[in-house]
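Engineer: I have a structure I would like to understand better, so I am pasting it below and will then ask my questions one at a time.
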Amino acid sequence: MTAARARGTYPAMNSESYDVVVVGAGPAGLMAAGAAATAGARVLLLEKNRGPGHKLLISGGGRCNFTNAETDMHRLISRYDTAGKALFSPFARMGPAQVLEFFASHGMPYKIEDNKRAFPCSDKSNSVLQVLLDYIDKGNVTLRTHTTVKALRHDSDRVQGVELENSTIHAESVVVSTGGLARPDTGSTGDGFSWLEQMGHRVVRPEPSLVPVVVEEDWVTELQGLAFAELRISLRLGEKTITKTDGKVLFTHFGLSGPGILNLATRISQAAADAHNQGEPAPTISLNFFPTLDGGSLDRQLQNALSAYPRRRLRTILESMLPPRLARRVLAEALAHSGSGTGNTGGTDNEITASEVPKQLRKRIVARMQDFRLTYRELQSEDWAVVSSGGVPTDEIDFRSMESKLLRGLFVCGDMLNIDRPSGGYSLQICWATGYVAGLSAADAASVAHG
């Protein structure tokens, strides 16, 4: 930062004036702009992309899991790890119940699916975006796209506005909601973090957080597109289980994705780093496709199927228990680890019948169905991340107003904040709550500044 800028003096440029300038038209920025306008402020919303809500439109695979309908505040806060306690205040004003009411009252019916995930009934993220666009339109917010902010303007203790390429915008309040580093193709390139660092804020380096996992096994491409609603997922170092959870899993051409995997991604990466530092093999991810059955029950289920249809091919019976592509891979893995292919059956892998299945092979098949392992290679790049970790520490923001503790009139919200969260609507819940509070507080601060 130049000496001139540090003193708050700037080159002469064309200038405009607003009460509140919001930088970044993602979910938090749109909510902030609408809330500030509803409170009576003259609001300018700036977006560098060609249109607002780019990341919002692709969230949840285009369906947009827009919040989590957890009504128990303590349970909700616990999902945000140690930084979650900062969210009590904004969630008290715009918690999940208020978010659901906000969208319903603006003409968007919703539905609650497993794990309390809320979706628009249309299953289209555009329904969520349209509510927000109507919200800012009703408040007469001025939206400018294709507009890149170069810097924040300020004096020694208060923000003064923003600096564009060839002009300046004066404002009593500025809300920064430019997002983290997840999916930079949508415009989340970390611009806001550099501005906040110039203001004196510490920024924890953002890294991909909810991100798919790349595995070593090339044959995983055979399973691309298979999705499972509820699997038991275990992270293992050798035979030691590091952690386990239940969740949705999606096979991709490079490995694994889905909420269950995304929520474990950071833990998996940490375990891999620890293993590497200790000279140990990479961790494995174990999938149990029958998490509600113990090994004995699943073994009896398979035995009954083999006894009932002795002339059927083993592969056909397995395909009645698992998706066909997965059944073939489970059989291939079980045979490979038996050490002798089909044993003494005299048939090939594809021809072995139910009556020819030896006990050892049956046991290995059951083991593979409940302990299907893939070897961790790396996390996908930030281009694939749903959200990124890192950002401004919570102790530098007053969460009662979302105002910076370092510079009056500067408000920070959404993915700019260093708050870890799982998938399942929790990230957007932060955006709605902190954006709403930031918008109202920014409008109030501007009114006070005007006297």
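Engineer: Which of the residues spanning region 106-125 are hydroxyl-bearing (Ser, Thr, Tyr) and more than 15 Å from Leu428 (Cβ to Cβ)?
Structural biologist: Correct list: Ser122 only.
Engineer: Please go through region 269-291 and give me each residue that is within 14 Å of Met321 (Cα to Cα) and not in a strand (DSSP E or B), ordered by number.
Structural biologist: If the condition is that a residue be within 14 Å of Met321 (Cα to Cα) and not in a strand (DSSP E or B), then Phe289, Phe290, Pro291 are the ones that fit.
Engineer: Right, another one. Could you please let me know if Lys111 is outside any helix (DSSP H, G or I) and surrounded by fewer than 18 Cβ atoms within 10 Å (Cβ to Cβ)?
Structural biologist: yes
Engineer: Could you run through region 38-64 and say how many residues are in contact (Cβ under 8 Å) with a residue 24 or more places away in the chain, more than 17 Å from Ala433 (Cβ to Cβ) and out of contact with any Lys or Arg (no Cβ under 8 Å at 6 or more places or on another chain)?
Structural biologist: Residues that pass the stated criteria total 13.
Engineer: Being of a type in the set (Val, Ile, Thr) and either closer than 15 Å to Leu87 by Cβ or modelled with pLDDT under 90 (or both) narrows it down to one of Thr353, Thr375, Thr348, so name that one.
Structural biologist: Exactly one residue qualifies, and that residue is Thr348.
Engineer: Quick check: is even one residue across region 210-233 without any contact (Cβ under 8 Å) to a residue 24 or more places away in the chain and within 23 Å of the chain's Cα centre (by Cα)? Let's see the steps before the verdict.
Structural biologist: Restricting attention to region 210-233, the residues satisfying the condition of being without any contact (Cβ under 8 Å) to a residue 24 or more places away in the chain are 218.
If we keep only those that are within 23 Å of the chain's Cα centre (by Cα) as well, we get none.
The answer is no; no qualifying residue exists.
Engineer: Could I ask something else about it? Please work out which one of (1) in contact with an Asp or Glu (Cβ under 9 Å, 6 or more places away or on another chain); (2) surrounded by fewer than 15 Cβ atoms within 10 Å (Cβ to Cβ); (3) of a type in the set (Lys, Arg) is the condition Arg313 fails and give its number.
Structural biologist: (2)
Engineer: Checking the structure you have, find out if any residue of region 288-299 is farther than 13 Å from Val366 by Cα and surrounded by fewer than 17 Cβ atoms within 10 Å (Cβ to Cβ).
Structural biologist: So far as region 288-299 goes, yes, one or more of its residues are farther than 13 Å from Val366 by Cα and surrounded by fewer than 17 Cβ atoms within 10 Å (Cβ to Cβ).
Engineer: More than 19 Å from Val23 (Cα to Cα), outside the structural domain of Phe251 (by TED's automatic domain parsing) and at pLDDT below 95: is that true of Pro393 in this structure?
Structural biologist: yes
Engineer: Report, by residue number, each residue of region 55-77 that is part of a loop (DSSP other than H, G, I, E, B) and more than 16 Å from the chain's Cα centre (by Cα).
Structural biologist: Keep residues of region 55-77 that are part of a loop (DSSP other than H, G, I, E, B), which gives 63-66, 69-72.
Selection gives Ala69, Glu70, Thr71, Asp72.
Engineer: Here is a further query. Have a look at Val149, Val159, Val176, Val203 and point out the one that is modelled with pLDDT under 90 and either surrounded by 24 or more Cβ atoms within 10 Å (Cβ to Cβ) or assigned by TED's automatic domain parsing to the domain that holds Glu396 (or both).
Structural biologist: Numbers: Val149 fails: modelled with pLDDT under 90; Val159 fails: modelled with pLDDT under 90; Val176 fails: modelled with pLDDT under 90.
Exactly one of Val149, Val159, Val176, Val203 is modelled with pLDDT under 90 and either surrounded by 24 or more Cβ atoms within 10 Å (Cβ to Cβ) or assigned by TED's automatic domain parsing to the domain that holds Glu396 (or both), namely Val203.
Engineer: Scan region 424-446 for residues that are polar (S, T, N, Q) and either touching a Ser or Thr at 6+ places or on another chain (Cβ under 6 Å) or surrounded by fewer than 24 Cβ atoms within 10 Å (Cβ to Cβ) (or both) and jot them down.
Structural biologist: Within region 424-446, Gln429, Ser441 qualify.
Engineer: What number of residues within region 305-322 are in a loop (DSSP other than H, G, I, E, B), farther than 15 Å from Ile352 by Cβ and in contact (Cβ under 8 Å) with a residue 40 or more places away in the chain?
Structural biologist: So the count comes out to 2.
Engineer: For region 247-283, give me each residue that is surrounded by fewer than 14 Cβ atoms within 10 Å (Cβ to Cβ) and touching a residue at least 40 places away in the same chain (Cβ under 8 Å). Outline the logic, then answer.
Structural biologist: Within region 247-283, the first condition is being surrounded by fewer than 14 Cβ atoms within 10 Å (Cβ to Cβ), and the residues that meet it are 253, 270, 273-274, 276-281.
Selection gives Glu280, Pro281.
Engineer: Can I ask one more? For residues in region 114-159 being assigned to a helix (DSSP H, G or I) and of a type in the set (S, T, N, Q), which is nearest to Gly258 (Cα to Cα)?
Structural biologist: Asn115
The values are calculated or read from the model by the stated rules, or taken from the named source; none is laboratory data. Treat the numbers as computed from the prediction; the structure is a model and nothing was measured. A quick note on method: Cβ atoms are made from the backbone with ideal geometry, for glycine too, and the neighbour counts reach across all protein chains shown.
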